[in-house]
1. By the gyration tensor of its Cα atoms, with a ≥ b ≥ c the square roots of the eigenvalues, what is the shape of the range A:63-189: rounded for a/c under 1.5, prolate for a/b over b/c, or oblate?
2. May I ask which of A:174/B:306; B:75/B:113; B:74/B:174; A:119/B:113 have a Cα-Cα span longer than 30 Å here?
3. Quick one: label points 7 angstrom along Cα→Cβ at residue A:139, distances to the other copies in nm, smallest first?
4. Report, ordered by chain and residue number, the aspartates and glutamates lying within cross-link reach of residue B:229, taken as a straight Cα distance under 12 Å and ignoring same-chain residues fewer than 8 apart.
5. Using only atoms on other chains, find how many Cβ atoms lie within 10 Å of each Cβ of peptide A:271-278 and report the average.
6. Can you tell me how the range A:181-289 classifies by the Cα gyration tensor, rounded, prolate or oblate, using a/c under 1.5 as the rounded cut?
7. Over chain B, what is the relative contact order in whole percent, taking alpha-carbon pairs under 8 Å and six or more residues apart?
8. Near the amide H of residue A:310, under 5 Å away, which other amide H atoms are found, from residues 5 or more places off or on another chain, if H is placed in the peptide plane?
There are 2 protein chains.
Amino acid sequence: MTVQTPPPPTAADIRAAAERLRGQIVETPLIESQALNERFGARILLKPETLQRSGSFKFRGAYNKISALSEAEKKRGVVAFSSGNHAQGVAQSAALFGIDALIAMPTDAPAIKMANVKKAGARVITFDRVREDRMTVVRPYIEEGRVLVPPFDDPAIIAGQGTIGLELVAQAQKLGASLDTVIVPCGGGGLIGGISLAVKDASPETQVWAVEPENFDDTRRSLAAGERKPNAPGHVSICDALLVNEPGAITFAINRRTLSGAVTVSDEAAAQAMRDAATLLKLVVEPGGAVALAAIITGAVDVRGKTVAVVLSGGNVDLDLYARLMAA
Amino acid sequence: MTVQTPPPPTAADIRAAAERLRGQIVETPLIESQALNERFGARILLKPETLQRSGSFKFRGAYNKISALSEAEKKRGVVAFSSGNHAQGVAQSAALFGIDALIAMPTDAPAIKMANVKKAGARVITFDRVREDRMTVVRPYIEEGRVLVPPFDDPAIIAGQGTIGLELVAQAQKLGASLDTVIVPCGGGGLIGGISLAVKDASPETQVWAVEPENFDDTRRSLAAGERKPNAPGHVSICDALLVNEPGAITFAINRRTLSGAVTVSDEAAAQAMRDAATLLKLVVEPGGAVALAAIITGAVDVRGKTVAVVLSGGNVDLDLYARLMAA
């Protein structure tokens, strides 16, 4: 089947998503740490989507997508593939609408994420992240009639994640802060795509930067090349939430217009950011959720003298890995 | 010197403190976890003062106390004794007013707390928690002219902590929740004293429960006896923030009127609550800050079918202890 790439969502779509999500999501706070500010000579405002329903921002997009399904589609159920955060967002949203959900997860997905998906009442099937193509795994279920809820390359998903950008702008304003820079973890680019649309609409001069794990810098290389570039196979990272093959068609169409650039951080830098989040912010952040903070710590994004918003995108990390990284 | 016990603060004093604190403190969010609700068959609303300036609720009381000092008193500087959270609150508040602060801390205070006090610009002297009397340690500095900022037994301190109660009531109302029970960690009783005054003023039928570490159940035994009872010496606990000799005169005068009761939890229960806070709430909570949640987990306070607010009072825990407790 050939599918035309749908147009990206607009700022109006994001505002409509915010209306739909009102009362269903946590309006996550904007947190400031004097210690971080002093250390980096900047005003750093943190948006902990770790405190969002399902433990990551993914609930926003999934709920927005599912809420827009027709009654006939809802009856047929949904299917999704995800290493865990999107899976939890879909499972919890589907449960709220009483919709049957089937989620394909890689066998090496964090145990906490798989357990939470099952707890929300979804059925889980597993696949090999390296050897199996995820679309091939879910195709039979789509042909059966289920609606695919994609992890990022979908206008309704992007619009849902974009509601974070609306909150960021409004909350910063309340604090009397004018945002110079917004720094966002980047996997497939749905989160930063939505956020950058909302932020640029309200404040065109604010810079938006993507942060990716080392060896998974598909967005950085795609921005440089002017077209979508895949990641080389065979690499691993503790940032399970950010491991994609390449940017989405829709997300890249947005991000090539909106982003000031993309930088990478190592696993060790992500782990250090997790430790700093624990000691300075008292927040549990998962590896992939901590990369934007890591980019400040390593200096990959220069923040000196600026007012900066940093998205902490998720907190779903297995306790044994978390304990190991805290002890390191 | 003989000192008359001053009268407890009133609800009006707490409202005045809230005015003074406006813009200086974080209005900590009220967080709800579907997973916790389902596990306990209750609606559980968590108030993470872990996200407060200085990493615990103590900033509220210290700031309220120091802001009310005369110009002459401010010039003479302040002195305080504390295992760490009050010390950080005093140090950071004093720094905001440009006041010299000297803090006496026990030699076994958590390293993170001592480091943060020094970073805020306060001078630290240490004393032996078991062999030295803390009042004897600070008396020379009081005689020198410094104003003592007591950790809990002071009307301005209690009123400052009570602002949490005002926020709790207003935030619960916004969520459409009517609080049956409020559960609060209890050391000297200043936090729960202030909170219970504010909560009972707005909602007299709401029950307020204190939670203490095992062997440090001075408030529980004092409530039973109808008079202040000290703890037996020689015990230890990981809940460093809650280790006092006995309830304060002012705090006990409040708490004997306002509390429905007090319960105790073990160190292991506090550690389990810290792990649950990490996995379910994505919050770093210190041992003493987790005892109210621990009381729900152990069933020490029965919450089934109720709407309950739980105060997570602080998050200042050394990373190596934290990693050990997460791994357990």
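1. On the way: a/c = 2.16, a/b = 1.62, b/c = 1.34.
Prolate is the answer for the range A:63-189, as a/c is 1.5 or above and a/b outweighs b/c.
2. Details: A:174/B:306 34 Å; B:75/B:113 26 Å; B:74/B:174 39 Å; A:119/B:113 38 Å.
Long pairs (Cα-Cα over 30 Å): A:174/B:306; B:74/B:174; A:119/B:113.
3. Ordered by distance, the counterparts are at 8.5 nm.
4. Correct list for residue B:229: B:217, B:218, B:246.
5. Working: counts 0, 0, 0, 0, 3, 1, 2, 9.
Mean partner-chain Cβ count within 10 Å for A:271-278: 2.
6. Values: a/c = 2.27, a/b = 1.19, b/c = 1.92.
In terms of gyration-tensor shape, oblate.
7. On the way: 713 pairs, mean separation 72.2, N = 328.
Here the relative contact order equals 22 percent.
8. It is A:45, A:46, A:47, A:183, by chain and number.
The values are calculated or read from the model by the stated rules, or taken from the named source; none is laboratory data. What you see is a predicted model; the values in this text were computed from it and never measured. Every residue, glycine as well, gets a Cβ built from its backbone with ideal geometry; the counts of neighbours run over all protein chains shown. Side chains included, ligands, DNA and RNA excluded: accessible areas come from the protein's heavy atoms. Shrake-Rupley method; radii C 1.70, N 1.55, O 1.52, S 1.80 Å.
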